[in-house]
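Data block below; observations after.
Computed from the coordinates by the stated procedures, all read-outs in this text should not be read as laboratory data. Note that the coordinates shown come from a computational prediction; the quantities given were computed from them, not determined experimentally. Positions of Cβ are generated from backbone atoms using ideal geometry, with glycine treated the same way; all protein chains shown enter the neighbour counts.
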Amino acid sequence: MHWDDGRYHVLTFAQFAEISDRLATAVRSQAKVGSQVVLLILKHHVLQLPLFVGCMKAGLIPCFLPFPSVKQDRDLYWKTHEEVINRSRPALIVTYGELVAGVSAIATTCGAPIADITTLEEALASSDPHPPCRPRENDIALLQHSSGTTGLKKGVALSYGQLARQIAAYAPAAVLDSASTIVNWLPYYHDMGLFTAFLMPLLIGATVISMDAFDWVSQPELVLDLFERFRATHCWLPNFAFSHIVNTTSADRDYDLKSLRAIINCSEPVKASTFAAFLDRFESCGITRSKLKACYAMAETCFAVSQTSSEADYEVRWYDAQLLDREARAVQRPAKSAGARPYVSNGAPIAGIEVRILSGLSVPRRDAGVPVGEIAVRGTFVFKGYFANDEATSAAFQGDWYCTGDVGFIDEGRLFICGRKKDLLIVHGSNYYAHDIEAAASSIAEIIPGRIVAIGVFDDEVGSEEAVILAETDAPAQAHKALRREVKRRVYGALELTPRKVDFVPRGWLVKTTSGKISRSENLTRYLARTAAKELA
């Protein structure tokens, strides 16, 4: 079901199949011979999912790319996607009329035809169904692109066999079946939206109610209305979305959320405080600890690597913060004890995948805890490499183990996530994760929600990285001194870290990726350029 501006467009599985058959004919007739990839640069559209499957039926490889939004830096968007488009060498690009000129300007070397979505809408009435191709297990089914938070987006090539094995393993772990109803606002160019609200439910016959991400951001309570109205059973959300819903919905409004079996926190490190706040707000509406789940997932494994138990409550464990930060060891401490930090379990690995921690640390003593290091995975649904990018593929693997770039640890068979390797700041010999620094200061009222980033800037005089915080605020300049002190106080209180600098920037200054995440690499570049300009002035 496609929700758009208060209207519902319902597609049965039979209607979906017929539309995708006809779109397969239209796409095949317009695609350039000799290429396979079809790039779909589309907003939330009733035809976007049948079109994706139509490409598959035509023997082509579909790939969703994000549509530029008013909140993104347009120059950065076009620069990023110029390289993505020309590396993909697509057979066809499908977009809107308003974007045709912009896409044509950057697709200079691939020679791909560019189609307006309206031409495909017209083709529905005249196209005969295309005889469906019969793909082999190892044929590439689709491309997903990384969010680009730390560099160039890379195309993750996934086969039909890998997708089928992931679904066979993950659907039972999530207790998802043909009687399930999923509510989704995540865009389909994001692996969580593509997999949990499209590919998996399509294969198992579950119902999906899909809304536009921009509608949700402006009206977060809409997702709760859809839970209630359609008796939803499942929803996947990034950690920030739980907080956004709590912070923007009226405390006086009640919802009937008893139908939910699982609301699953994924895509970002799961915060214990986020789950606690969500439970506190909606426990009276039918949310229980056992309905709050955590999942570790990525495009390179199709989706899920681990998931918390379908029956158990979510689990929070406390670990010695000093040993984590300085020695890369995870040693359990009593809950809420001094010097301890909470971590939420992401559960055990699902069937078909192995997980290990890459760490040179030995822990000979019984009380020495477990090593913390980069998470590596291998298994039956782990991708084989990035599309047309042998260099990136070679760098990402150690033998048949994919090195995820995430840092975490395994304790009693459960996976815990600390953060991204590239988001790690090493300040005076201690390790700090950028998202922990941001979380410590993000609750300050004067900081615009979701508009704060912590970056590491090397100081030659000190010989170490120093933590710098950039935050957007509408507060007047005369209030910045007191606000700066409060940011430093919060960060030191949570992490015993004193940021070297807290810099306030105007609303809209920070760069986000197309998936809505803060781009650390781009903001570091902007900060260094800004600092250099001030020194020259």
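Using the per-residue mean of other Cβ atoms lying within 10 Å as a proxy for protection, in what order, highest first, do the peptides 432-438, 331-337, 197-203 fall? Don't skip to the answer; put the middle values down first.
Numbers: 432-438: 22.9, 331-337: 12.7, 197-203: 21.1.
Top to bottom by mean Cβ count within 10 Å: 432-438, 197-203, 331-337.
Computed extension gain for Phe397 through Leu124, at 0.36 nm per residue and net of the alpha carbon distance, reaches 93.9 nm.
Each peptide among 379-385, 231-237 gets the average number of other Cβ atoms lying within 10 Å of its residues, and from highest to lowest they stand as 231-237, 379-385. Between Gln219 and Ala276, the modelled labels are 3.4 nm apart [label points 7 Å from Cα along Cα→Cβ].
The Lys481 and Lys79 beta-carbon pair, evaluated with R₀ = 45 Å, returns a calculated FRET efficiency of approximately 0.80.
How high is the relative contact order of region 428-536, in percent, with contacts defined as C-alpha pairs under 8 Å that are six or more residues apart?
Values: 135 pairs, mean separation 26.2, N = 109.
Reported relative contact order: 24 percent.
A full extension of the chain between Arg136 and Ser310 corresponds to an added length of 59.3 nm, given 0.36 nm per residue minus the alpha carbon distance. Here each label is just a point 7 Å from Cα along the line to Cβ, and for Asp256 and Lys336 those points are 3.5 nm apart.
Can you put Ser284, Ser345 in order of Cβ neighbours within 10 angstrom, beginning with the fewest?
Ordered from fewest to most neighbouring Cβ atoms within 10 Å, Ser284, Ser345 come out as Ser284, Ser345.
Stokes-Einstein diffusion of the chain at 10 °C, 1.306 mPa s viscosity, Kirkwood radius from Cα pairs, rounded to a whole number: 65 µm²/s. Note down the relative contact order for the chain as a percent, whole number, built from C-alpha pairs under 8 angstrom at least six residues apart. Result for the chain is 11 percent. Once you reduce region 454-525 and region 414-443 to the center of their Cα atoms, the two points are 14 Å from each other. Given their separation in residues at 0.36 nm each and the Cα-Cα distance between them, Glu283 and Ser178 gain 35.1 nm when the chain is fully extended. Using C-alpha pairs below 8 Å separated by at least 6 residues, the relative contact order for region 181-421 is 13 percent.
Give the residues of region 226-242 whose amide nitrogen is closer than 18 Å to a point set 7 Å from the Cα of Ser69 in the direction of its Cβ. Zone members listed by number: 236-242. Annotation for region 298-323 versus region 10-45: alpha-carbon center distance of 36 Å.
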